[in-house]
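The values are calculated or read from the model by the stated rules, or taken from the named source; none is laboratory data. Note that the structure is a prediction, hence the values are computed from the model and not measured. Virtual Cβ from ideal backbone geometry, glycine too; neighbours counted across all protein chains shown.
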């Protein structure tokens, strides 16, 4: 096959769907080439060597070639080191994958986002607190995609003060609340500064960050997340 | 192109893996080379559509209200094995290692494809498993992420109703040698090693 060949890229499978009789199209997040759709030829044959490797949430090294929109997967190697996800950790993983599939344009590399995703999977696979891991990933996502507002400067151009309360207006930023004002979505200046520093170790910052991230992501997605809907339904079983 | 031919080509595209080119090729073949076969196919489709439905107990394809396997008196009604597809059931039957009942989900939880409990009608499985006779539920969904998600939530749902729940084991294939086994399988076999 003619066309550029890309060798041994660290990557993760985000989603795979059947293609023709015996193949898959795998949507891959790679560190240096961003999100690339690859055809895994013959990967659905019973004895395919690729079949057992093309699992989501597993660190892989992938090589591909081709110049079109859909490239051909040439080889895949197991990098390993992560137990398979299960239970709610698995659902968190699906949530992250859905965000990436829906928000990240193709072939737009974001090494920092890739690293944040890898860190999320590490935390999920090793049973570390899911809330914190998810918030840090969401923060990296909105920042890397250029959707993150500056958290430490308010809408009037003033530095955010840890002592004041703010309300966050999407596409405007933090707006300082006057004394005595409050709102359901009010958050402290400290939370905003923690977000700016990507440090959510304080529990109040983590809780407030969750509400803010949910609003931001809802705004970006412009609809409902299937993984969230299904997670809620599964919880009710 | 005659309208009927157009319609045929369009209809053939419902087949998995068949695009516009293949659909055209199949249509020409059926009309030109194998009109008898085409007739048989048309009649078989009609009959199957009219007669095949889901077994009211195990959800697999059947012609009767309740399939033969579910009616069988020689099977253990206290065990219920949950599988994704009828092909999985067929494989388990070949093992001769299981004599209980089945429930076929006809799919798996797959959040990125929008398939959850509602789409899988998990309430039907719940009703089947809590009939008062079933004691143990064996989860035999695939060892993919989707199969794992399915097993986890179905397991939690049934355990909460007081049923004994187990999951088929995973590891090296019987007669398998480490040297020739794929790395992911060996890695997971290590993570899930058991004490002797």
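Check whether at least one residue in segment B:45-57 is surrounded by 18 or more Cβ atoms within 10 Å (Cβ to Cβ) and touching a residue at least 60 places away in the same chain (Cβ under 8 Å), and report yes or no.
yes
Please verify whether segment A:68-78 includes one or more residues that are surrounded by 20 or more Cβ atoms within 10 Å (Cβ to Cβ), within 28 Å of residue A:123 (Cβ to Cβ), within 9 Å of another protein chain (Cβ to nearest Cβ) and modelled with pLDDT under 95.
Taking every residue of segment A:68-78 in turn, none turns out to be surrounded by 20 or more Cβ atoms within 10 Å (Cβ to Cβ), within 28 Å of residue A:123 (Cβ to Cβ), within 9 Å of another protein chain (Cβ to nearest Cβ) and modelled with pLDDT under 95.
Can you give me the number of residues within segment A:96-123 that are surrounded by 14 or more Cβ atoms within 10 Å (Cβ to Cβ), in contact (Cβ under 8 Å) with a residue 40 or more places away in the chain and within 23 Å of residue B:113 (Cβ to Cβ)?
Of the residues in segment A:96-123, 11 are surrounded by 14 or more Cβ atoms within 10 Å (Cβ to Cβ), in contact (Cβ under 8 Å) with a residue 40 or more places away in the chain and within 23 Å of residue B:113 (Cβ to Cβ).
Residue A:30 fails exactly one of the following numbered conditions: (1) closer than 17 Å to residue A:137 by Cα; (2) in contact with a strand residue (DSSP E or B) (Cβ under 9 Å, 6 or more places away or on another chain); (3) within 14 Å of another protein chain (Cβ to nearest Cβ). What is the number of that condition?
The failed condition is (3).
Inspect all residues belonging to segment B:69-78 and state whether any of them is in contact with a strand residue (DSSP E or B) (Cβ under 8 Å, 6 or more places away or on another chain), crowded, with 17+ Cβ neighbours inside 10 Å and in a helix (DSSP H, G or I).
yes
Right, residue A:23: surrounded by 15 or more Cβ atoms within 10 Å (Cβ to Cβ) and in contact with a helix residue (DSSP H, G or I) (Cβ under 7 Å, 6 or more places away or on another chain) or not?
No; evaluated as a whole, the condition is false for this residue.
To keep it simple, each residue is scored yes or no on (1) under 29 Å from residue A:23 (Cβ atoms); (2) in a helix (DSSP H, G or I); (3) in contact with a strand residue (DSSP E or B) (Cβ under 7 Å, 6 or more places away or on another chain).
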residue: A:73; (1), (2), (3): yes, no, yes
residue: A:82; (1), (2), (3): yes, no, no
residue: A:98; (1), (2), (3): yes, yes, no
residue: A:112; (1), (2), (3): no, yes, no
residue: A:128; (1), (2), (3): no, no, no
residue: A:134; (1), (2), (3): no, yes, no
residue: A:138; (1), (2), (3): no, yes, no
residue: A:142; (1), (2), (3): no, yes, no
residue: A:163; (1), (2), (3): no, no, no
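Among the numbered conditions (1) surrounded by fewer than 17 Cβ atoms within 10 Å (Cβ to Cβ); (2) in contact (Cβ under 8 Å) with a residue 40 or more places away in the chain; (3) touching a helix residue (DSSP H, G or I) at 6+ places or on another chain (Cβ under 9 Å), tell me where residue A:9 comes up short.
Only one criterion is unmet by residue A:9, namely (3).
Give A:179, A:199 a once-over and let me know the one that is assigned to a loop (DSSP other than H, G, I, E, B), at negative phi, touching a helix residue (DSSP H, G or I) at 6+ places or on another chain (Cβ under 9 Å) and free of Cβ contacts under 8 Å to residues at least 12 places away in the same chain.
Among A:179, A:199, only A:199 is assigned to a loop (DSSP other than H, G, I, E, B), at negative phi, touching a helix residue (DSSP H, G or I) at 6+ places or on another chain (Cβ under 9 Å) and free of Cβ contacts under 8 Å to residues at least 12 places away in the same chain.
Is it the case that some residue within segment B:98-115 is loosely packed, with under 13 Cβ neighbours inside 10 Å, in contact with a strand residue (DSSP E or B) (Cβ under 9 Å, 6 or more places away or on another chain) and outside any helix (DSSP H, G or I)?
Taking every residue of segment B:98-115 in turn, at least one turns out to be loosely packed, with under 13 Cβ neighbours inside 10 Å, in contact with a strand residue (DSSP E or B) (Cβ under 9 Å, 6 or more places away or on another chain) and outside any helix (DSSP H, G or I).
In segment B:136-162, how many are within 21 Å of residue B:98 (Cα to Cα), away from chain A (no Cβ under 13 Å) and assigned to a loop (DSSP other than H, G, I, E, B)?
Count: 1.
Out of curiosity, is residue A:91 out of contact with any helix residue (DSSP H, G or I) (no Cβ under 6 Å at 6 or more places or on another chain) and either within 14 Å of another protein chain (Cβ to nearest Cβ) or without any contact (Cβ under 8 Å) to a residue 60 or more places away in the chain (or both)?
The answer is no for residue A:91.
Considering only segment A:58-67, state which residues are assigned to a strand (DSSP E or B) and within 14 Å of another protein chain (Cβ to nearest Cβ).
Residues satisfying the conditions are A:60, A:61.
Please work out if residue B:126 is out of contact with any strand residue (DSSP E or B) (no Cβ under 9 Å at 6 or more places or on another chain) and either more than 8 Å from chain A (Cβ to nearest Cβ) or closer than 30 Å to residue A:17 by Cα (or both).
yes
Exactly one of (1) free of Cβ contacts under 8 Å to residues at least 40 places away in the same chain; (2) within 26 Å of residue A:17 (Cα to Cα); (3) within 14 Å of another protein chain (Cβ to nearest Cβ) is unmet by residue B:109. Its number?
Only one criterion is unmet by residue B:109, namely (1).
Condition (residue is modelled with pLDDT of 95 or more, out of contact with any strand residue (DSSP E or B) (no Cβ under 6 Å at 6 or more places or on another chain), facing chain B (nearest Cβ under 10 Å) and buried (at least 17 other Cβ atoms within 10 Å of the Cβ)) applied to segment A:45-57: is it met by at least one residue?
yes
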